[in-house]
Amino acid sequence: MDFKTYIAEAISNVTNIDKEEIKTYIEIPKIEANGDFAFPCFRLAKELKQSPINIANNIKDNIIVDNNIISKIDVVNGFLNFYIAKSCLAKETIMKFDSQKEEYGKSEIGEGKTVIVEYSSPNIAKPFHIGHLKTTIIGNSLYKLYKFLGFKTIGINHLGDYGTQFAKLIEGYKRWGEEYDFSTDAIDKLADIYKRINALCEEDENVLEECRATFKKLEDGDKYCTELWNKFKDLSIEEFNKIYDLLGIKFDSIKGEAFYSDKMQEVIDLLEKSGKLIESQGAKVVDLENQGINTPCIIQKANGSSIYATRDLAAILYRARTYDFDKCLYVVGEEQSLHFKQVFAVAKYLGLDEKYTNGLEHVSYGMIRLPEGKMSSRKGNFVKVKDLIDEAISKSKEIIKDRDIENKDLIAKQVGVGAVIFEDLAESRTKNQVFDLKEALNFNGETGPYIQYMTVRTKSVLEKAGYLPKVEELNFEKITDDSSIKLLKLIDNFNSILLDAMQKNEPSIISRYLIDVSETFSTFYNNNKILCDDKEAQDARLYITYMTKVILTNGLGILGIEVPEKM
């Protein structure tokens, strides 16, 4: 039963106002003591020409409801508060869950729709540092969320493999490449070359100009430059894949910016045809003031080379034609906000259907830093993700070393990686974050290991019981205590949580929800002896335990976190 619909119909019968309109006004009170659902009568004051309090009292006096469904109705300051009969709430929640079981929370909302998620997208020839972690983890979670909700989801790793920075690296390699042995730690050595050439460019403008000229050679297919570029790229992908394997991340497409190098001329031609491309100081730009953007978008530099925007526009054309997407999400830091505003604005002039241009969305996130401070790949003060994950696994192994469990290496990996992922998703993506590994590995805090532990506890209880009771044999009166009802309400809200997270592209909504479920299950576990002499109570409590296991497992899976067998 949909309680909100039931209440809306009952109110509609009294007020003669459309039940669908009324349903949109019904809310869940923030204070639990104010009932399970609340209807704010001030919404109808203008239409009914009465005070909210009079409307509320009139509805309460005349409403017809089944007392086995609605146990009580209160009027508080113009609100009608509805209390669902506890046994009814328990039964309806469990029956709803039982219709999906392990698939609980999935929906068909995405059927027939395609969502592209572009995420991770590190630059080649640079170590995969903690600054890349947030896009990778947020993007992977959104990819899994949309897929869970029925969308055809395409995960794209848009490698940064083009631009002046690679010309800098080529110039640095030409100067100092013979000083290095690239058979080991090749990326670290390339990073050192990059650091050195950047410092030289800052000292000598002529060197910077040489790098710009080298990039033009690379664009024009110069053999030497292309061979070096391919070498840097192969070494980088090999390094990145080690990280993705640790995090359990795979992509449907790995195409760098260079893939679009032969597709950029079409962008220029389309923009010229639209009449929007103009010359400015030798460069070709699109003026965007009519779209509220004061900074023009450069499409082609004065020396004829392209920039990020040109390649991103070529990618939009390619993706529209290849994937026919409904949404294309770019999980990229907040500092690129202006860039995406410009690109999305210019995309409207490419002659694409509005479906595509309206579906472009920048999913931004705040800066990440360690307690020690901000990082910079140019200055060389960064933390590599591989080192961070290895440390998390090592510390997890230390925590569980004295526990009587098998496969400690695997469990340490699952806990360590889970801690890193959850720490990145614990707060709103737009907030600046201080990444604290010690806090992330706290088994008693609001962390990934805590949720993993509570999930393992549910599995342990079910294993000890040795069976799963049948829903049709449950006595719902045995689970009307406050801790059972509170847990059931949270479970019932799982699909709404997922939809909210999807609509806001905000995985932290799921993270916070899983903490609430874990803490509420802990209270339920402590307040109710699950394996007990009362068979009816045991069966009902076991089924709630099973529901909790499914919710936590599915939720963690969407975040990209595995559940260990034991902890």
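The values are calculated or read from the model by the stated rules, or taken from the named source; none is laboratory data. Here the structure is a predicted model, which is why all the values come from computation and not from measurement. Using ideal geometry, Cβ is built from the backbone for each residue, glycine included, and neighbour counts are taken over all protein chains shown.
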Q: Kindly indicate whether F37 is at pLDDT 95 or above and within 13 Å of F79 (Cβ to Cβ).
A: yes
Q: Give region 45-83 a look and list any residue that's of a type outside the set (D, E, K, R), closer than 15 Å to N16 by Cα and in contact with a strand residue (DSSP E or B) (Cβ under 8 Å, 6 or more places away or on another chain), or say none.
A: A56, I59, I63
Q.
Among the residues that make up region 43-54, is at least one of them in contact (Cβ under 8 Å) with a residue 24 or more places away in the chain, touching an Asp or Glu at 6+ places or on another chain (Cβ under 6 Å) and not charged (D, E, K, R)?
A. no
Q) Got at least one residue in region 405-418 being polar (S, T, N, Q) and modelled with pLDDT of 95 or more? A) yes
Q. With respect to the numbered conditions (1) touching a His at 6+ places or on another chain (Cβ under 9 Å); (2) part of a loop (DSSP other than H, G, I, E, B), which one is the sole condition not fulfilled by I243?
A. (2)
**Q.** Top-ranked residue in region 339-353 [being in contact (Cβ under 8 Å) with a residue 60 or more places away in the chain and touching a strand residue (DSSP E or B) at 6+ places or on another chain (Cβ under 8 Å); ranked as surrounded by the most Cβ atoms within 10 Å (Cβ to Cβ)]
**A.** V346
**Q.** helices (runs of 4 or more DSSP H) enclosed by region 41-149 - at least 2 residues per element that are of a type in the set (K, R) and either within 28 Å of the chain's Cα centre (by Cα) or surrounded by fewer than 22 Cβ atoms within 10 Å (Cβ to Cβ) (or both)
**A.** 86-98, 130-148
Q) Tally time: how many residues in region 131-152 are more than 16 Å from L498 (Cα to Cα) and among the hydroxyl-bearing types (S, T, Y)? A) 2
Q) Which ones in region 307-343 are within 20 Å of P122 (Cβ to Cβ), under 21 Å from the mean Cα position of the chain (by Cα) and acidic (D, E)? A) E334, E335
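Within region 130-139, does at least one residue satisfy the condition of being among the charged types (D, E, K, R) and in contact with a His (Cβ under 7 Å, 6 or more places away or on another chain)? Walk me through it before giving the result.
The first filter runs over region 130-139 and keeps only residues among the charged types (D, E, K, R), leaving 134.
From what's left, in contact with a His (Cβ under 7 Å, 6 or more places away or on another chain): none.
No - not one qualifying residue is present in region 130-139.
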Q: For region 426-452, enumerate the residues that are modelled with pLDDT under 95 and outside any loop (DSSP other than H, G, I, E, B).
A: Q433, V434, L437, K438, E439, A440
Q. Can you name the residue in region 414-437 that is free of Cβ contacts under 8 Å to residues at least 40 places away in the same chain and over 14 Å from the mean Cα position of the chain (by Cα) and, of all such residues, is farthest from L514 (Cα to Cα)?
A. G416
Q | Boolean, N407 is over 25 Å from V331 (Cα atoms), in contact with a Phe, Trp or Tyr (Cβ under 8 Å, 6 or more places away or on another chain) and loosely packed, with under 14 Cβ neighbours inside 10 Å | A | no
Q. If you check I69, I137, I130, I84, which single one turns out to be closer than 30 Å to L246 by Cα and at pLDDT 95 or above?
A. I137
Q) Within region 298-338, how many residues are in contact (Cβ under 8 Å) with a residue 12 or more places away in the chain, within 30 Å of E111 (Cα to Cα) and β-branched (V, I, T)? A) 3
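A quick yes/no check of all residues on (1) modelled with pLDDT under 90; (2) part of a helix (DSSP H, G or I); (3) closer than 19 Å to G304 by Cα; (4) among the basic types (K, R):
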{"residue": "T184", "(1), (2), (3), (4)": "yes, no, no, no"}
{"residue": "I187", "(1), (2), (3), (4)": "yes, yes, no, no"}
{"residue": "A191", "(1), (2), (3), (4)": "yes, yes, no, no"}
{"residue": "Y194", "(1), (2), (3), (4)": "no, yes, no, no"}
{"residue": "E209", "(1), (2), (3), (4)": "no, yes, yes, no"}
{"residue": "T214", "(1), (2), (3), (4)": "no, yes, yes, no"}
{"residue": "Y224", "(1), (2), (3), (4)": "no, yes, no, no"}
{"residue": "E227", "(1), (2), (3), (4)": "no, yes, no, no"}
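For every residue, the table says whether it meets (1) among the small types (G, A, S); (2) under 30 Å from V331 (Cα atoms); (3) outside the structural domain of E477 (by TED's automatic domain parsing).
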{"position": "G35", "(1), (2), (3)": "yes, no, yes"}
{"position": "N68", "(1), (2), (3)": "no, no, yes"}
{"position": "A90", "(1), (2), (3)": "yes, no, yes"}
{"position": "G110", "(1), (2), (3)": "yes, yes, yes"}
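So that you can scan it fast, the table gives a plain yes or no per residue for (1) touching a helix residue (DSSP H, G or I) at 6+ places or on another chain (Cβ under 7 Å); (2) polar (S, T, N, Q):
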| site | (1), (2) |
| --- | --- |
| I421 | yes, no |
| D424 | yes, no |
| E439 | no, no |
| G445 | yes, no |
| P449 | yes, no |
| Q452 | yes, yes |
| V456 | no, no |
| V461 | yes, no |
Q. Any chance region 396-406 includes a residue that's under 26 Å from the mean Cα position of the chain (by Cα), in the same structural domain as A540 (by TED's automatic domain parsing) and outside any loop (DSSP other than H, G, I, E, B)?
A. yes
Q.
I'd like to verify a number: residues in region 256-294 that are buried (at least 17 other Cβ atoms within 10 Å of the Cβ) and either assigned to a helix (DSSP H, G or I) or touching a residue at least 24 places away in the same chain (Cβ under 8 Å) (or both), how many?
A. 15
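Considering region 306-338 alone, what residues qualify as being β-branched (V, I, T) and either surrounded by fewer than 20 Cβ atoms within 10 Å (Cβ to Cβ) or under 10 Å from H362 (Cα atoms) (or both)? Working first, answer last.
Within region 306-338, the subset β-branched (V, I, T) is 307, 310, 316, 322, 331-332.
Hits for region 306-338 are I307, T322, V331, V332.
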**Q.** Considering residues of region 276-296 that are small (G, A, S) and over 13 Å from Q342 (Cα atoms) only, the residue farthest from the chain's Cα centre (by Cα)
**A.** G282
**Q.** R369 being at pLDDT below 95, farther than 29 Å from I278 by Cβ, not in a strand (DSSP E or B) and not β-branched (V, I, T)
**A.** no
Q) Which one of these is in contact with an Asp or Glu (Cβ under 8 Å, 6 or more places away or on another chain), touching a residue at least 24 places away in the same chain (Cβ under 8 Å) and aliphatic (A, V, I, L, M): L159, L190? A) L159
